[in-house]
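Following: one structure in structure tokens, then a few remarks.
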């Protein structure tokens, strides 16, 4: 089922987290404090929307790293219902795709709930004070990267790095719904 991001309000403080990564280390909001801009992406291994943007996220991190942008991917999905989203599968996926950013496991789903994440991918960009600057889609064509006309996240990052406000209305992210655990 297709889901859309809920639209966290601009200016909202980034909720804290401290989660295990596929690199064998825990990563927290504080451990990423050196980033001028921190992009938190709720994603997973099995969703076609999330899989379709992985190479673009790797390229984005490569292109913006020297400008102080850091990406952090978080998988909150219920691994019992979706074994492709298990931690072991996450390790394999990160290696296969060459992730150069932390890929973290939100086992309790508390972090996804704190961000009000709704879909994979759901993208949140925070400035140096860790206030939300952008919550929206990566670009305008999730299926065909060669046909992208609007690079929304890149535009938001460029404007932020130039200390300029967004000059467009963000379009919500679209993807698979987060697979919440059943009570």
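A compact table of results
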{"item": "Whether the stretch 92-169 is rounded, prolate or oblate, judged on the alpha carbon gyration tensor where a/c under 1.5 counts as rounded", "result": "oblate"}
{"item": "Cα-derived Rg over Rh, computed across the chain with Rh taken as Kirkwood radius", "result": "0.93"}
{"item": "Mean ellipticity per residue at 222 nm, deg cm²/dmol - from DSSP H runs of n ≥ 4 across the chain, formula -39500 (n - 2.57)", "result": "-7500 deg cm²/dmol"}
{"item": "Angle in degrees between helix 87-97 and the longest Cα principal axis of the chain, rounded to the nearest 10", "result": "50 degrees"}
{"item": "Highest to lowest packing among 170-181, 37-48, scored as the average C-beta count within 10 Å", "result": "37-48, 170-181"}
{"item": "Ordering of 90-98, 134-142 by packing [mean C-beta count within 10 Å, highest first]", "result": "134-142, 90-98"}
{"item": "Ascending count of other beta-carbon atoms within 10 Å, so fewest first, for 108, 28", "result": "108, 28"}
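All of the numbers you see were taken from the coordinates with simple rules; none came from a lab. What you see is a predicted model; the values in this text were computed from it and never measured. Because the Cβ atoms are built from the backbone with ideal geometry, glycine has one as well, and the counts that use them run over all protein chains shown.
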